[in-house]
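Colleague: Got a structure here, written out as structure tokens. Questions coming.
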Amino acid sequence: MRIIGYPPLPSDHNGFSCGAHKDYGCLTFLYADHTPSALQVFLNEGTEVAQNAIDASIALPTEQGDTEGVWINADPLPGAIVCNIGEMWETWTAGLYKSTLHRVIHRSSNYRVSVPFFFEPNFDALVEPTDAALHILRASKNAKEVELLKAQYPLVVYGEFLKSKVGGNFTSDSQPKERY
């Protein structure tokens with residue numbers, strides 16, 4: 001569990017409080033303070049939810065990366081806890097559950113606080129699609145489609161995966177990257 005504080009971004013700044021990322025482990029349970037319009041979740045283009053957000057004019061500008069879609073605000077609900085699906089859960093389920101791409105852009109005047117609990121595999125855990133997930137997929141897809149899906153989620157040792165992800169947070173000289 002962590003306690004993360006986000007000072008407000010300067011009003012003339014076009015950056016992020018926390019850049020777009022997916023959580024590394026299984027599940028993240030997040031309690032956030034009441035600050036609206038800070039936590040944002042990415043919805044891939046072509047999904048019904050993304051289209052509904054666009055139709056209702058609540059979608060934020062489209063992603064500028066190589067995946068098309070929209071960012072929506074995930075405003076806190078009183079007493080609610082957000083659950084993010086992590087990359088290892090996506091792997092275990094062979095994509096039946098997708099990890100959540102999210103970011104924080106905190107422009108309110110207050111100091112935003114969030115309290116995430118990260119549920120992760122053991123450091124030496126071998127993570128690959130489970131037999132149960134593959135069984136579910138076989139019920140709705142042909143054998144070739146299932147094998148292609150399985151190939152998208154190769155076996156990983158969680159600790160090695162985590163080190164490769166965290167290692168990308170730093171420059172080559174091991175100094176933290178600029179925050180904004």
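The values are calculated or read from the model by the stated rules, or taken from the named source; none is laboratory data. Keep in mind it's a predicted model, so treat the numbers as computed, not measured. No Cβ is skipped: glycine too gets one built from the backbone with ideal geometry, and neighbour counts run over all protein chains shown.
Colleague: Only residues in the stretch 109-126 that are among the aliphatic types (A, V, I, L, M) count as the first member; pair them with residues that are surrounded by fewer than 16 Cβ atoms within 10 Å (Cβ to Cβ) and not in a strand (DSSP E or B), Cβ under 7 angstrom, at least 6 apart or cross-chain, and list the lot.
Modeller: VAL113/ILE3; VAL113/ASP33; VAL115/MET1; VAL115/ILE3; LEU126/LEU155
Colleague: Then there is this: Looking at the structure I just gave you, is TYR6 farther than 21 Å from GLY95 by Cα, aromatic (Phe, Trp, Tyr) and either surrounded by fewer than 19 Cβ atoms within 10 Å (Cβ to Cβ) or in contact with a helix residue (DSSP H, G or I) (Cβ under 7 Å, 6 or more places away or on another chain) (or both)?
Modeller: No; evaluated as a whole, the condition is false for this residue.
Colleague: Within the stretch 24-52, work out how many residues are over 30 Å from TYR153 (Cα atoms) and either of a type in the set (Val, Ile, Thr) or at pLDDT below 75 (or both).
Modeller: So the answer is 1.
Colleague: Which condition breaks for LEU60 when tested against (1) surrounded by 13 or more Cβ atoms within 10 Å (Cβ to Cβ); (2) closer than 22 Å to SER108 by Cβ; (3) modelled with pLDDT of 85 or more?
Modeller: Going through the list (1) surrounded by 13 or more Cβ atoms within 10 Å (Cβ to Cβ); (2) closer than 22 Å to SER108 by Cβ; (3) modelled with pLDDT of 85 or more, LEU60 breaks only (3).
Colleague: Select from the stretch 20-44 the residues that are assigned to a strand (DSSP E or B), closer than 18 Å to LEU162 by Cβ and not aliphatic (A, V, I, L, M) and list them in ascending order.
Modeller: Hits for the stretch 20-44 are HIS21, THR28.
Colleague: Would you point out which residue out of ILE105, ILE85, ILE54, ILE81 is buried (at least 19 other Cβ atoms within 10 Å of the Cβ) and touching a residue at least 12 places away in the same chain (Cβ under 8 Å)?
Modeller: Every option except ILE105 fails the conditions.
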